Amino acid sequence: MHEASIAHGILRGALAALPDGKKITRITIVAGAQVSVVLESLDLYFQELSRGSLAEGALLDLQQRAGKLVCKSCGQIHEHVRGTPVSMICKTCGGANRLDITNELFLESMEVEDLQDGGAK
Ligand SMILES: [Zn+2]
């Protein structure tokens, strides 16, 4: 499934970037406007896959990027709000817009904290 492979990729990327002696508490993912991801489902897979790893219990944050309307004449960029009609006419100069949406998905940032050392002082 879609979300399962995404969750796997996120976990792998996050663990690869994790400094020694830390664990992951929160992961922020950015998805392009064209990407449809169900956060609940993604979270479920992530919690399952991360069990026993240094990312166990980490919170997932999903930020969905808005599409952008870019004017072909003056270059003005307007953000397109999901679910609203796409305006193909530039508000600034009346020129023609193109809709710029992406299907990117990447790990933007993560928060980590020190591992509690298991009794070793
Ligand atoms: Zn324009």
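Along Cα→Cβ, 7 Å out, is where each label goes; now give me the distance between the ones at Cys74 and Ala17 in nm to one decimal.
Roughly 3.7 nm, to one decimal.
Most exposed first by the Cβ proxy, i.e. fewest other Cβ within 10 Å, how do Leu99, Leu54, Leu11 rank? Can you show the working numbers first?
Working: Leu99 13, Leu54 16, Leu11 21.
Arranged by neighbour count, lowest to highest, Leu99, Leu54, Leu11 become Leu99, Leu54, Leu11.
Once amide H atoms are placed 1.01 Å from N in the peptide plane, what residues at a sequence separation of 5 or more from Val37, or on another chain, have their amide H within under 5 Å of its amide H?
Amide H neighbours of Val37, under 5 Å, 5+ apart: none.
Given His78, Cys90, Leu54, which one lies farthest toward the positive end of the charge dipole of the stretch 2-114, if we put +1 on the Cβ of every Lys and Arg and -1 on the Cβ of every Asp and Glu?
Most positive-ward Cα: Cys90.
Using unit Cβ charges (K, R positive; D, E negative) and no other charged atoms, how large, in debye to the nearest 20, is the dipole of the stretch 1-104 about its Cα centre?
With only Lys, Arg, Asp and Glu charged at Cβ, the dipole is about 400 debye.
Just to confirm the number: angle between the C-alpha axis of helix 39-49 and the first principal axis of the chain, 0 to 90 degrees, nearest 10?
The angle comes out near 30 degrees.
Within 9 Å, Cβ to Cβ, of Asp61, how many net charges do the neighbouring residues add up to if Lys/Arg are +1 and Asp/Glu are -1?
Around Asp61, the charge tally is 0.
Could you tell me how many degrees, from 0 to 90 and to the nearest 10, lie between the Cα long axis of helix 2-17 and the main elongation axis, the longest principal axis, of the Cα atoms of the chain?
Helix 2-17 sits at roughly 60 degrees to that axis.
With the contact rule set at Cα under 8 Å and sequence spacing of 6 or more, what percent relative contact order holds for the stretch 2-114?
Working: 210 pairs, mean separation 41.9, N = 113.
37 percent.
Efficiency by 1/(1 + (r/R0)^6): what FRET value for Ser53 and Arg98, r their Cβ-Cβ distance, R0 = 41 Å, to the nearest 0.05?
Numbers: r = 42 Å, r/R0 = 1.03.
The formula returns an efficiency of 0.45 here.
Between Leu62 and Glu40, what is 0.36 nm times their sequence separation minus the Cα-Cα distance? Round to one decimal in nm.
Values: separation 22, 0.36 × 22 = 7.92 nm, distance 1.02 nm.
Residue separation times 0.36 nm, minus the Cα-Cα distance, leaves 6.9 nm.
So what are the chain's ellipsoid semi-axes, whole angstrom, largest first, if each one is the square root of 5 times an eigenvalue of the alpha-carbon gyration tensor? List each step's numbers first, then the result.
Values: eigenvalues 307, 45, 18 Å².
Calculated on Cα positions only, the semi-axes equal 39, 15, 10 Å.
Any read-out appearing in this document is the output of simple, stated calculations on the displayed coordinates, not a laboratory observation. All figures in this text were calculated on a predicted structure; none of them were measured in a lab. As a convention, Cβ positions derive from the backbone with ideal geometry for all residues, glycine included, and neighbour counts pool all protein chains shown.
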